[in-house]
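Data block below; observations after.
The values are calculated or read from the model by the stated rules, or taken from the named source; none is laboratory data. This is a predicted model, so every value here is computed, not measured. All Cβ positions, glycine included, derive from the backbone under ideal geometry; neighbour counts span all protein chains shown. Just the protein is used for accessible areas: all its heavy atoms, side chains included, with ligands, DNA and RNA removed. Shrake-Rupley method; radii C 1.70, N 1.55, O 1.52, S 1.80 Å.
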Amino acid sequence: MEKAPCTSPEDLLPVYREKVVPVADTITLNQFEAELLTRRKIHSQEEVLEVMDKLYSMGPDMVVITSSDLLSLRGTDYLMALGSQRTRTPDGSTVTQRIPREMHKVDATFIGTGDSFAAMLLAWMHKHPNNLKVACEKTLSATHHVLQRTRLHNTGC
Ligand SMILES: Nc1ncnc2c1ncn2[C@@H]1O[C@H](COP(=O)(O)OP(=O)(O)O)[C@@H](O)[C@H]1O
């Protein structure tokens, strides 16, 4: 999970908030990025849902928090990802599907996992256009395999 300092200049944040997010259908971001965009800190599962609601109010219909290290009920060896999709029913109300998943942490630091996650999610959403659950699960599974192999390749264990 990316932490400060940001890989993007902070003065671009208003551009993301005001120009980019409002025209996005889907956003994938880690906990830190979600906190920056919404100006809210996440300390609990309730707060992550509030932050996701805030992100929905900014425009997208699909929000995927790729990782959070606070929220897993299984302890500090786990990361949580949370997929979520909002659909409008014919009567005008909204229904939100949430897909929380926990993954075992791979003991290494990786760069580019967020980009690779987003690319794989796009590919799986194309294959499973009406099934975010399957698309998220396949993305997480593939990501985990790639990271384990990367670690094995680099450390031999
Ligand atoms: N140390 C790790 N152990 C296990 N999975 C990881 C680890 N780092 C990243 N991932 C996986 O990569 C995905 C994207 O990584 P994340 O850290 O959220 O993105 P970013 O690179 O944008 O900070 C996560 O959903 C998770 O599946």
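Whenever a residue of the range 101-114 is near the ligand (Cβ under 7 Å from one of its atoms) and of a type in the set (Val, Ile, Thr), its partners that are open to solvent by 50 Å² or more (accessible area, probe 1.4 Å) and assigned to a helix (DSSP H, G or I), lying with C-beta atoms within less than 8 angstrom and at least six residues away or across chains, give the pairs Val106/Gln148; Val106/Arg151.
Listed by first and then second residue, the pairs with beta-carbon distance under 8 Å, at least 6 apart or on different chains, first residue in the range 139-157 and more than 23 Å from His128 (Cβ to Cβ) and among the polar types (S, T, N, Q), second within 13 Å of the ligand (Cβ to nearest atom) and open to solvent by 40 Å² or more (accessible area, probe 1.4 Å), are Thr150/Ala108; Thr150/Phe110; Asn154/Ala108; Thr155/Ala108. Among the residues making up the range 39-81, those that are at pLDDT below 90 and hydrophobic (A, V, I, L, M, F, W, C) are Leu70, Leu71, Leu73. From the list Ala119, Ala108, Ala123, exactly one residue is at pLDDT 90 or above, farther than 24 Å from Val23 by Cα and of a type outside the set (Asp, Glu). Which is it? Among Ala119, Ala108, Ala123, only Ala108 is at pLDDT 90 or above, farther than 24 Å from Val23 by Cα and of a type outside the set (Asp, Glu).
Being over 24 Å from Val20 (Cα atoms) and either more than 12 Å from the ligand (Cβ to nearest atom) or in contact with a Pro (Cβ under 9 Å, 6 or more places away or on another chain) (or both) is true for just one of Leu70, Leu79. Which residue is that?
Numbers: Leu79 fails: either more than 12 Å from the ligand (Cβ to nearest atom) or in contact with a Pro (Cβ under 9 Å, 6 or more places away or on another chain) (or both).
It is Leu70.
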